[in-house]
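The values are calculated or read from the model by the stated rules, or taken from the named source; none is laboratory data. Bear in mind that the values here come from a model prediction, so they are computed numbers and not experimental data. Cβ coordinates were reconstructed from backbone atoms using ideal geometry, including for glycine residues, and neighbour counts include every protein chain displayed. Protein only, heavy atoms only, side chains kept; ligands, DNA and RNA dropped before computing areas. Shrake-Rupley method; radii C 1.70, N 1.55, O 1.52, S 1.80 Å.
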Amino acid sequence: MSEAVSLPRRPSADAATAPKVRGRLFRKYVMLFVAVVLVALLANGLFEIWFSYQEHRASLVRIQHEQAVAAAAKIEQFVKEIQSELGWTTQLPWTADTLEQHSFDALRLLRQVPAITELSQLDATGHERLRVSRLDTNVIDSKADFSREPKFVEAVAHKVWYGPVYFRGGSEPYMTLAVAGARRDAGVSIAEVNLKLIWDVVSQIKVGENGRAYVVDGMGRLIAHPDISLVLRDTDLSQLPQVRAARSEMSGATAQQAQAVRDIQGREVLSAHAPIQQLGWLVFVELPLGEAYAPLYASIERSGALLFAGLLLAILAGLFLARKMVVPIQALRAGAARIGGGDLAQRITVKTGDELEALADQFNDMAGRLHASYAELESRVKARTQDLARSLEDLKAAQNRLIQSEKMASLGQLTAGIAHEIKNPLNFVNNFAGLSADLLAELKDMVAKTSGNTDPATRAEIDDIMATLVTNLGKIGEHGRRADGIVKSMLLHSRGGSGELQDTDLNALIEDALVLTYHGLRAQDQSFNITIERDYDPAAGMISAVPQDLTRVFLNLISNGFYAANKRKRDGGDPQFSPRLKVSTRNLGGKLEVRVRDNGVGISDEVRAKLFMPFFTTKPTGEGTGLGLSISYEIVTREHGGSIAVESQLGEFTEFILTLPRGLRGVKSPAESKEPTI
């Protein structure tokens, strides 16, 4: 091995020329590395700054535009709501009988819409019939003629008319709003709207930290502004460049792009506007340029700092790496030493594109072949180790199954022994009870024959004693028969298996168990009645199983379902409740699923945890052994390799879910072998 990995001796001429080669490589890599890094960083930094500036400016323009449009929409909605409320006053025609109702509607409108200061209502001829005002005296039926004024003519022609903005008292802005009724005889309602309340809408529009929104009319006069004093002074903004430009573009339907201008205080701002077409107003949104471009300036400063740091780092890294050109030679020497020492996973990394890289590749190839040989040997050892571990796990699992099987066999033997010990005394009790009943019947006949010679008091006492004896003997017989049934059930459940593996139709097996259980309960109690739902999957087909044992499982689950559903009907007292039991099958490919669901009393989580434990039962004493579900669990899981689960909700339902493999060929039944199948 040492010969395979030994380094060839380099001629002395090569050693003599090493300084010359190092100097050439040093200059080459210093110049190349620094040039590439400088160009890359400079190009990336400059392009990043340029595109960031363009994107940020476009984003600001878009945001300003959207804010202006949104503000215009809010103000337009404010006026539309006033118009809608005003429209309700034009529903009634003008007659002598409706004057009082018009007055009531007008007063109610003034209460509901604070922006309306005065309301006038004209009839179909344009004569004033009613005027209600917050500032002046109300006037009824003045007959003033407004038939030639625009607020009547335009309202009748277009159903709505927006008057120009005027300033009452030289301070507060007002607008006349006229709405005509849908019918000709309904007339026109004219409202004087105080536009000072638009301040509430404008003041809620937030534009950055120091930005603002304001509204001007078609003449450039200020209508709404966060500084209400400017509005009350009837400020004229028509000379501002942004207002002049917007008024000249008023014919357009969309807002123009934001532009850098000066506002009324002389600050440089980024201004955008949007028109309110129906009113002829303009909404302006302005943000100081310093605040608008502050994030961009901060981003440019950060980019410049990072660019400078990157350039400085590139220069330092270039010098450092150039001075480390001897690293490939050192890597060759160190790698050869490790390979020679037995570290076959060692690889020499040299990317110089010259003889050093070729020499390193030869060392790597040699070490790789040796390492592959050792790796193959290690993988074989690892595979054998894993096989041994799996064999040990299988052996442990088989041992656990054997222990579990022995435990269940011991439990069955114990149950059978107890049942046999109890069965003989129970037979004696049953026989004695029957014999006593027969003797009592003969005694009753004899007493009946001599009833004429017995005084009434003695006769009554004899009858009471006989009745008591009959009742007691009946109870003895009833409980004896019940105990005998329990013993028979214990004997049945104590058996480890009851048949051979056979191919059986699963649906037919369930149907037989369902019919047998139902008619058996009907024979015992004629009042027993339950609705049975069947949902058999035709694709379920045949299953390889022990039919007798699966039938025992289905009989147990179905009878439990019948019992739970009837118990809910018996204890609930709901005459509308109908007991139901649903049995369904599903084909799951290599497995089959069986579901038995009742709408009975349900079971709690605490009971569900103990449900499959031997001798655990929720039925009253004497009505069950508590072995049915535990034996069913063993038959499904241990004997047939399936699973059984329970889903339930108290007072609603209980559902047993069985999953069985379709084929058990090659598995011995409990009757064939006393040892568990591994």
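Selection of the stretch 500-529 for residues being open to solvent by 30 Å² or more (accessible area, probe 1.4 Å) and of a type in the set (A, V, I, L, M, F, W, C) yields Leu501, Ala508, Val515, Leu516, Leu521, Ala523. What do you reckon, is Leu232 in contact with a Ser or Thr (Cβ under 7 Å, 6 or more places away or on another chain), modelled with pLDDT of 75 or more and surrounded by fewer than 18 Cβ atoms within 10 Å (Cβ to Cβ)? Answer is yes for this residue.
Scanning the stretch 256-305 for residues that are aromatic (Phe, Trp, Tyr) and either crowded, with 16+ Cβ neighbours inside 10 Å or part of a strand (DSSP E or B) (or both) returns Trp281, Phe284, Tyr293. Could you grab me the full set of residues in the stretch 71-90 that are of a type outside the set (Lys, Arg) and loosely packed, with under 15 Cβ neighbours inside 10 Å? Answer for the stretch 71-90, where residues must be of a type outside the set (Lys, Arg) and loosely packed, with under 15 Cβ neighbours inside 10 Å: Ala73, Gln77, Glu81, Ser84, Trp88. Of the residues making up the stretch 91-103, those that are in contact with a helix residue (DSSP H, G or I) (Cβ under 6 Å, 6 or more places away or on another chain) and either among the hydroxyl-bearing types (Ser, Thr, Tyr) or open to solvent by 70 Å² or more (accessible area, probe 1.4 Å) (or both) number 0.
The set of residues in the stretch 215-245 being in contact (Cβ under 8 Å) with a residue 40 or more places away in the chain, touching a helix residue (DSSP H, G or I) at 6+ places or on another chain (Cβ under 8 Å) and part of a loop (DSSP other than H, G, I, E, B) consists of Gly218 alone. Restricted to the stretch 650-662, and to residues that are modelled with pLDDT under 90 and not hydrophobic (A, V, I, L, M, F, W, C), which residue is least open to solvent (accessible area, probe 1.4 Å)? Per the criteria, the residue is Gly651.
Of everything listed in (1) surrounded by fewer than 17 Cβ atoms within 10 Å (Cβ to Cβ); (2) among the basic types (Lys, Arg); (3) within 23 Å of Ala245 (Cα to Cα), the single unmet condition for Arg212 is (1).
Checking each residue in the stretch 109-119 for being in contact with a helix residue (DSSP H, G or I) (Cβ under 9 Å, 6 or more places away or on another chain) and open to solvent by 40 Å² or more (accessible area, probe 1.4 Å) picks out Gln112, Pro114. Only a single item in (1) open to solvent by less than 20 Å² (accessible area, probe 1.4 Å); (2) not in a strand (DSSP E or B) is not met by Glu128, and it is number (2).
Among the residues of the stretch 497-555, just one is among the basic types (Lys, Arg) and either in contact with an Asp or Glu (Cβ under 8 Å, 6 or more places away or on another chain) or on the phi > 0 side of the Ramachandran plot (or both), namely Arg534. Any residue in the stretch 526-547 that is touching a strand residue (DSSP E or B) at 6+ places or on another chain (Cβ under 9 Å), modelled with pLDDT under 90 and assigned to a helix (DSSP H, G or I)? Yes; the residues of the stretch 526-547 include at least one that is touching a strand residue (DSSP E or B) at 6+ places or on another chain (Cβ under 9 Å), modelled with pLDDT under 90 and assigned to a helix (DSSP H, G or I). Does at least one position in the stretch 59-66 carry a residue that is open to solvent by less than 80 Å² (accessible area, probe 1.4 Å) and charged (D, E, K, R)? Checking the stretch 59-66: not a single residue is open to solvent by less than 80 Å² (accessible area, probe 1.4 Å) and charged (D, E, K, R).
Selection within the stretch 620-633: residues that are open to solvent by 20 Å² or more (accessible area, probe 1.4 Å), at pLDDT 70 or above and not β-branched (Val, Ile, Thr). The member of this set that is farthest from Gly561 (Cα to Cα) is Tyr633. When Thr349 is tested against (1) in a helix (DSSP H, G or I); (2) at pLDDT 75 or above, only condition (1) is not met. Is at least one residue of the stretch 131-138 open to solvent by less than 30 Å² (accessible area, probe 1.4 Å) and in contact with a helix residue (DSSP H, G or I) (Cβ under 9 Å, 6 or more places away or on another chain)? Yes, there is a match, as at least one residue in the stretch 131-138 is open to solvent by less than 30 Å² (accessible area, probe 1.4 Å) and in contact with a helix residue (DSSP H, G or I) (Cβ under 9 Å, 6 or more places away or on another chain). One residue alone among Asp200, Asp185 is surrounded by fewer than 16 Cβ atoms within 10 Å (Cβ to Cβ) and touching a residue at least 12 places away in the same chain (Cβ under 8 Å), and that residue is Asp185.
Just one of the listed residues (Arg552, Arg595, Arg570, Arg608) is at pLDDT 90 or above and open to solvent by 20 Å² or more (accessible area, probe 1.4 Å), and it is Arg595.
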